[in-house]
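Visitor: First the structure, which I've put down as structure tokens, then a few questions once you've had a look.
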Amino acid sequence: MTWCKRLVGGLGALFLLSLAAYLLAPSLIVKYVEDRYPDVRSIDKVELEWGRLLFKKVIVEREGLLATLTRITVDFDQVLIEGGTVTVDLDSFKRPQSKGTGSSGRSIVVNGLHVTVSKEGFNGNFEDVSYKKGFACSSKGDLVYKGLKSSVHSACVMVHSKTVTTERLETTVPIPIQIPGLKDEEPLRLENLRASFEEKWLEAEVVELGDDMVRLETVRASLLPKTVQVTVRKLATSHPWLKKPGGGPAEVPDLVVEVPLGYLLKQEMSLPVTVTQGGKVTIKVTPSDWHLVGAEASCRAWWEAIPGKPFADLQLENISGTLGFEVRIRPKPKLKIHNTCKLDCSDPLIAQLKRGKFTYFAYDRDNVPFERESGPTTSNWVSIADLPVHVPDAFTLLEDPGFKRHRGYLKQALFNSLKSNLEQGRFVRGGSTITMQLAKNLWLQRFRTLDRKAREVILSRWLEGCLSKAQIMELYLNVIEFGPDLYGIGAAARHYFQKPASRLAMDEAFYLARILPRPKRAAPPDENLKRTRNFIRRLVGTGYLPDNVLSQIADPESVSGEGWEVND
């Protein structure tokens, strides 16, 4: 019996020791953790479960770091941290060191943290932060850097490779210079963004600026020693100066943009940004003074680089010569154009004008384009030889006084137009010559866009190289619009004055020339001819016209407003 009592006593002592160990273990574990990891300031509760330890409300504090962790579970394989907040100041934070001899080999998994990070003017707040196997991710975050606020969605950091990805980044960026069509601040969105801090590059599938204003696709930015180089597979813009109403955005493929580091870091607007398209044409832009320099390149390359398409296509092999330009708005205005562009006059674009009949796109009263037939063999054609000399003279004086001297365009008129449009923020001046207007009517869309103006300049030079001034004026008078569904001077003379164009008087010719800017909204002849005659008298009085033209004014009684239509 003695051995039995001893056995029972031994088992009782063992039980008491085990119970004591179990009860004392949490305190021992807390002491062990706080001794081994001095940054752990407190542990609210420790629970022992089979094969694992559970810590609740653990506070960790050290220089640059404060963390309150809701729940930590430690087992043989991993440390699982669930919930809590972490605040890190990277300017003062140092990597923690323990008194242990090394890693336990357990992996660390994190879920549901709220993390706040700050460094040198940067502040970030990240929700639902998780970490596993070197990937730290957040469902949503808000960033502030030097007053610039951004938000990120589904962002991840690959810790070992120092690479960042995010499904979407949204911010509002200041526009440092006044650009027509853009506000002082515009929203910026990046989709499927990837960035490497070590290799110093950034990629995005899509970059959008403004509300459907600019869209870049397949963008890569690389940090070079002195610049940031950005490659763009395609740029699409709905800017009103480029977008075709009802025709979608203008598109430019294969861009390379080099931005000086000083521009990005200090916003030095006096530094030039270099833009290359398709590896063939290059423009340097200095935003502070609206200085643009287009490097001399082949006319074929420039023609292909212009966004948008004309109604008629050229055969590129027929284009020769080179084109370059320089434009500066301030402080001292400047415009230089080097243009040796030529078009083989056998190109179908020109050859069709020399045949007896050709077609071009006109517009109906609803501004819908349609094909119109014209040419010397058509019924409405009027030969310039059949017109009184004051008819082409009236159009020359009012529409293009330098018509007989220029070679397609006037540099000063183009510059004045560009300057006024930039200052007003909208198209207020066109600067088109008669030759440019002819090119527009024959081959280009009607809506005012920069790409149309660029094509007008090039096409006008080609028209001047292949046609005489008389041929250009004859074409011009026969294809321009004089009112709703009313094209050509022959139809205009019959409609407004019930006579053939060959019998137009001086004031009638001036009347037709004066309504060209807005032919659909012009006042009827019986209301407007008196003002036209007074206008002619002022031209005579200032020496623009000789005195004898007054005898060529029509009898007022011969004018009627019958059948007139005004389209507002």
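Visitor: Restricting to region 379-390, and then to whatever is at pLDDT 90 or above and among the β-branched types (V, I, T), can you tell me which residue is farthest from F361 (Cα to Cα)?
Guide: Filtering region 379-390 for residues that are at pLDDT 90 or above and among the β-branched types (V, I, T), the one farthest from F361 (Cα to Cα) comes out as I384.
Visitor: Which count do you get for residues in region 279-305 that are among the small types (G, A, S), in contact (Cβ under 8 Å) with a residue 40 or more places away in the chain and closer than 17 Å to V256 by Cα?
Guide: Residues meeting the conditions: 1.
Visitor: Here is a check on your reading of the model: is L463 in contact with a Phe, Trp or Tyr (Cβ under 6 Å, 6 or more places away or on another chain) and under 30 Å from P180 (Cβ atoms)?
Guide: No, not satisfied.
Visitor: Can you name every residue in region 463-519 that is touching a Gly at 6+ places or on another chain (Cβ under 7 Å) and of a type in the set (S, T, N, Q)?
Guide: Result: N478, single match.
Visitor: Could you tell me whether any residue of region 530-550 is among the small types (G, A, S), at pLDDT below 85 and part of a helix (DSSP H, G or I)?
Guide: Checked against the condition, which is being among the small types (G, A, S), at pLDDT below 85 and part of a helix (DSSP H, G or I), region 530-550 yields at least one hit.
Visitor: Only one of these is in a helix (DSSP H, G or I), modelled with pLDDT under 90 and under 22 Å from D313 (Cα atoms): E456, E423, E464. Name it.
Guide: Unique residue meeting the criteria: E456.
Visitor: Taking the residues in region 330-382 that are among the aliphatic types (A, V, I, L, M) and under 31 Å from the mean Cα position of the chain (by Cα) as candidates, determine which candidate is surrounded by the fewest Cβ atoms within 10 Å (Cβ to Cβ). Steps first, answer last, please.
Guide: Kept after step one, since they are among the aliphatic types (A, V, I, L, M), are these residues of region 330-382: 335, 337, 343, 349-351, 353, 362, 368, 382.
So of that shortlist, the ones also under 31 Å from the mean Cα position of the chain (by Cα) come out as 335, 337, 362, 368.
Values: L335: 16, I337: 16, A362: 21, V368: 9.
So, considering only residues that are among the aliphatic types (A, V, I, L, M) and under 31 Å from the mean Cα position of the chain (by Cα), the one surrounded by the fewest Cβ atoms within 10 Å (Cβ to Cβ) is V368.
Visitor: Which members of region 492-504 meet the condition of being part of a helix (DSSP H, G or I), surrounded by fewer than 21 Cβ atoms within 10 Å (Cβ to Cβ) and either touching a strand residue (DSSP E or B) at 6+ places or on another chain (Cβ under 7 Å) or polar (S, T, N, Q) (or both)?
Guide: If the condition is that a residue be part of a helix (DSSP H, G or I), surrounded by fewer than 21 Cβ atoms within 10 Å (Cβ to Cβ) and either touching a strand residue (DSSP E or B) at 6+ places or on another chain (Cβ under 7 Å) or polar (S, T, N, Q) (or both), then H495, S502 are the ones that fit.
Visitor: OK, next. All but one of (1) surrounded by 15 or more Cβ atoms within 10 Å (Cβ to Cβ); (2) more than 19 Å from V257 (Cα to Cα) hold for V230; which doesn't?
Guide: Exception for V230: condition (2).
So that you can scan it fast, the table gives a plain yes or no per residue for (1) more than 18 Å from F447 (Cβ to Cβ); (2) in contact with a helix residue (DSSP H, G or I) (Cβ under 6 Å, 6 or more places away or on another chain):
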residue	(1), (2)
I350	yes, yes
G356	yes, no
F361	no, no
R365	no, no
P369	no, no
G375	yes, no
T378	yes, no
D386	yes, yes
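Visitor: Being loosely packed, with under 13 Cβ neighbours inside 10 Å and among the charged types (D, E, K, R) is the filter here, so list the residues in region 158-174 that pass it.
Guide: Hit for region 158-174 is K162, nothing else.
Visitor: Okay, moving on. Across region 306-333, what is the total count of residues that are in a strand (DSSP E or B) and either without any contact (Cβ under 8 Å) to a residue 60 or more places away in the chain or among the aromatic types (F, W, Y) (or both)?
Guide: 7
Visitor: It is to be established whether one or more residues within region 179-189 are farther than 21 Å from T218 by Cβ, charged (D, E, K, R), surrounded by 16 or more Cβ atoms within 10 Å (Cβ to Cβ) and touching a strand residue (DSSP E or B) at 6+ places or on another chain (Cβ under 8 Å).
Guide: Yes: region 179-189 contains one or more residues that are farther than 21 Å from T218 by Cβ, charged (D, E, K, R), surrounded by 16 or more Cβ atoms within 10 Å (Cβ to Cβ) and touching a strand residue (DSSP E or B) at 6+ places or on another chain (Cβ under 8 Å).
Visitor: Ok, one more. Output the residues belonging to region 460-481 that are crowded, with 21+ Cβ neighbours inside 10 Å and free of Cβ contacts under 8 Å to residues at least 60 places away in the same chain.
Guide: Correct list: S460, I472, I480.
The values are calculated or read from the model by the stated rules, or taken from the named source; none is laboratory data. The structure displayed is predicted, hence computed values, not measured ones. Positions of Cβ are generated from backbone atoms using ideal geometry, with glycine treated the same way; all protein chains shown enter the neighbour counts.
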